[in-house]
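Scroll down for the structure; my scribbles are underneath it.
The values are calculated or read from the model by the stated rules, or taken from the named source; none is laboratory data. As the structure is a computational prediction, the values presented were derived from the model and not from experiment. Here the Cβ is made from the backbone with ideal geometry for all residues, glycine too, and neighbour counts use every protein chain on show. Side chains are part of the model used for accessible areas, which takes the heavy atoms of the whole protein and leaves out ligands, DNA and RNA. Shrake-Rupley method; radii C 1.70, N 1.55, O 1.52, S 1.80 Å.
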Amino acid sequence: MKKTILLIHTGGTISMAMSAEGAVMPNKENPLMKESNKLNSLATIIEIEAFNLPSPHITPKEMLQLRNLIMEQTTATQIDGVVITHGTDTLEETAYFLELTTNLAIPIVLTGAMRSSNELGADGIYNLMEAIRVAVDDEARDKGVLVVMNDEVHLAVNTTKTSTSSINTFQSPQYGPIGLITKSRILFHHAPIRRQYVDINNLSKRVAMLKVYAGMEEDLLDVVLACKYEGVVLEGLGQGNVPPSVVKGIESLIQRNIPVVLVSRCFNGIAEGVYGYIGGGKMLEDLGAIFATGINGQKARLKLLIGLNTTGEPLNLKDFFL
C-alpha cells in the first residue's frame, strides 16, 4: 500500500533560479511545486508551501511555526512521514530544532540543494526524491529527524554544513552518516541511542552566541548583559577554555542567573572541564558554566533557547545538556 508523505516547502536554493546576470534569486513560484508527477510513484504526496524564504531569513520563529504545522497536520491526517525542503545555510538548525521539539515515530526528513533549479547539474529534485524514498522506508522510523543529501542519511543532531558550495557539504564529524542510499535500497547501519523532547509554545526569551578568540575583549559580555539576553553560548578554545579577560564577565552573568553554555570552536572533539588555570574549562565549570556535549555552537544556542522557553516546569539545564 502506498504511503502518505507530507511535503513542506520553505524556500532556499532548491527552489531558486539563476538569472542571466548570475544572481541566484527566489522564484515567484516554487519550481518544485511542478514536480509532483515525478513524486507520486513514490508516495501519495500532500504538498504545502509553509513559506518561501532564503534560509538566512529563517529564524526560530519560523522553526516553531514549522513544528506547529507538522504537529497539526500529523494529528489531523494519517501521515507516514514528513519531508521538508529547506535552504542549506540554516538547514541543520531547523532540523535540530525539530529534533528537540517533536516526538513523532514517523520520519521527518529535511533536504535541500547546492545548485539552483535551472543550473546545469541541479541537485534539488534528485535530493527531494531520495528524501521521500527515505521517509517511506520502514527502517527510518524512530530515528529522529534526518537530513538527506547526496546519497547519505544523517542525524540532525550530528550533521553540519562543511562546505560553502560542494554538493557533499553535509557531514557528521566523528560520527558519519547513519545510512547510505543506493539505486534500490536505503541501508541504515546505526541509530541514535537516545532522543530528547521539550514542549514549547513560544520563544520569548533570547540567547546570544559568541565565538571566543585570542585576546577576546571583556566588554563583549557586558553587551550581553546590557542587551538583556537570558542566556549565552560561547564557542570556546580547545576543550572549552577562554582568555582570562572574559572570566569576570562570565562570572557576572552566572551570578545573575544567566546561563553560560560552553562548546568548542574545534571541528572535532567534545568540550569538557579539564584545565584548572584562569579561564580553563574546569575553572569555568566550577563557576557554574554548563558544557554542551557533542553539538556545535549554533545547535547549543537553539538547545539553550528551547530549554529556557520550555512549557511547564523549568528544566535542569545542566542535565539537559549532558
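Among the residues of region 118-174, the ones that are of a type in the set (Gly, Ala, Ser) and either open to solvent by 50 Å² or more (accessible area, probe 1.4 Å) or touching a Cys at 6+ places or on another chain (Cβ under 6 Å) (or both) come to 1 in all. Look at (1) open to solvent by 50 Å² or more (accessible area, probe 1.4 Å); (2) closer than 20 Å to Gly124 by Cα; (3) over 18 Å from the mean Cα position of the chain (by Cα) and you find that Pro56 fails only one, number (3).
For region 269-322, a tally of residues being under 16 Å from Ile258 (Cα atoms), touching a helix residue (DSSP H, G or I) at 6+ places or on another chain (Cβ under 7 Å) and among the charged types (D, E, K, R) returns 1. Does region 97-108 contain any residue that is free of Cβ contacts under 8 Å to residues at least 24 places away in the same chain and either open to solvent by 10 Å² or more (accessible area, probe 1.4 Å) or not hydrophobic (A, V, I, L, M, F, W, C) (or both)? Looking for residues that are free of Cβ contacts under 8 Å to residues at least 24 places away in the same chain and either open to solvent by 10 Å² or more (accessible area, probe 1.4 Å) or not hydrophobic (A, V, I, L, M, F, W, C) (or both), one finds none in region 97-108, hence no. Collect the residues in region 11-52 that are part of a helix (DSSP H, G or I) and surrounded by fewer than 17 Cβ atoms within 10 Å (Cβ to Cβ), keeping them in residue-number order. Met33, Lys34, Ser36, Asn37, Lys38 - these are the residues of region 11-52 that are part of a helix (DSSP H, G or I) and surrounded by fewer than 17 Cβ atoms within 10 Å (Cβ to Cβ). Please verify whether Val233 is under 30 Å from Met71 (Cα atoms) and surrounded by 13 or more Cβ atoms within 10 Å (Cβ to Cβ), treating the condition exactly as stated. Spelling it out, Val233 is indeed under 30 Å from Met71 (Cα atoms) and surrounded by 13 or more Cβ atoms within 10 Å (Cβ to Cβ).
Residues of region 218-229 that are open to solvent by 20 Å² or more (accessible area, probe 1.4 Å) and touching a Ser or Thr at 6+ places or on another chain (Cβ under 9 Å): Glu218, Asp222, Leu225. The set of residues from region 183-217 being free of Cβ contacts under 8 Å to residues at least 40 places away in the same chain and either open to solvent by 70 Å² or more (accessible area, probe 1.4 Å) or within 14 Å of Glu139 (Cβ to Cβ) (or both) comprises Lys183, Ser184, Arg185, Leu187, His189, His190, Ile193, Arg194, Tyr213, Ala214, Glu217. Scanning region 49-95 for residues that are under 22 Å from Ser204 (Cα atoms), of a type in the set (Ser, Thr, Tyr) and in contact (Cβ under 8 Å) with a residue 24 or more places away in the chain yields Ser55, Thr90, Thr94.
May I ask you to list the residues in region 282-316 that are part of a helix (DSSP H, G or I), within 25 Å of Ser172 (Cα to Cα), open to solvent by less than 40 Å² (accessible area, probe 1.4 Å) and not charged (D, E, K, R)?
Gly297, Ala300, Leu302, Leu304, Leu305, Ile306, Gly307
Suppose we keep only residues that are of a type in the set (Val, Ile, Thr) and under 19 Å from the mean Cα position of the chain (by Cα) within region 261-318. Which one would you say is farthest from Ala214 (Cα to Cα)?
Thr310
Annotation note: Cβ proximity below 8 Å between a residue of region 274-298 that is free of Cβ contacts under 8 Å to residues at least 12 places away in the same chain and a residue that is open to solvent by 10 Å² or more (accessible area, probe 1.4 Å) and of a type in the set (Lys, Arg) (sequence gap 6+ or interchain) occurs for Gly276/Lys282. It is to be established whether one or more residues within region 262-273 are surrounded by 16 or more Cβ atoms within 10 Å (Cβ to Cβ) and of a type in the set (Phe, Trp, Tyr). No, region 262-273 has no match at all. For region 237-255, the count of residues that are out of contact with any Gly (no Cβ under 7 Å at 6 or more places or on another chain), surrounded by fewer than 21 Cβ atoms within 10 Å (Cβ to Cβ) and among the basic types (Lys, Arg) is at least one. Just one of the numbered conditions (1) among the aliphatic types (A, V, I, L, M); (2) surrounded by fewer than 23 Cβ atoms within 10 Å (Cβ to Cβ); (3) modelled with pLDDT of 95 or more is not true of Val83: (2). Of the strands (runs of 3 or more DSSP E) entirely within region 70-169, those holding at least 1 residues that are under 20 Å from Gly294 (Cα atoms) occupy 145-149, 152-155. Taking Ile8 as the residue in question, decide whether it is open to solvent by 40 Å² or more (accessible area, probe 1.4 Å), in contact with a Leu (Cβ under 9 Å, 6 or more places away or on another chain) and assigned to a strand (DSSP E or B). For Ile8, the condition - open to solvent by 40 Å² or more (accessible area, probe 1.4 Å), in contact with a Leu (Cβ under 9 Å, 6 or more places away or on another chain) and assigned to a strand (DSSP E or B) - is not met.
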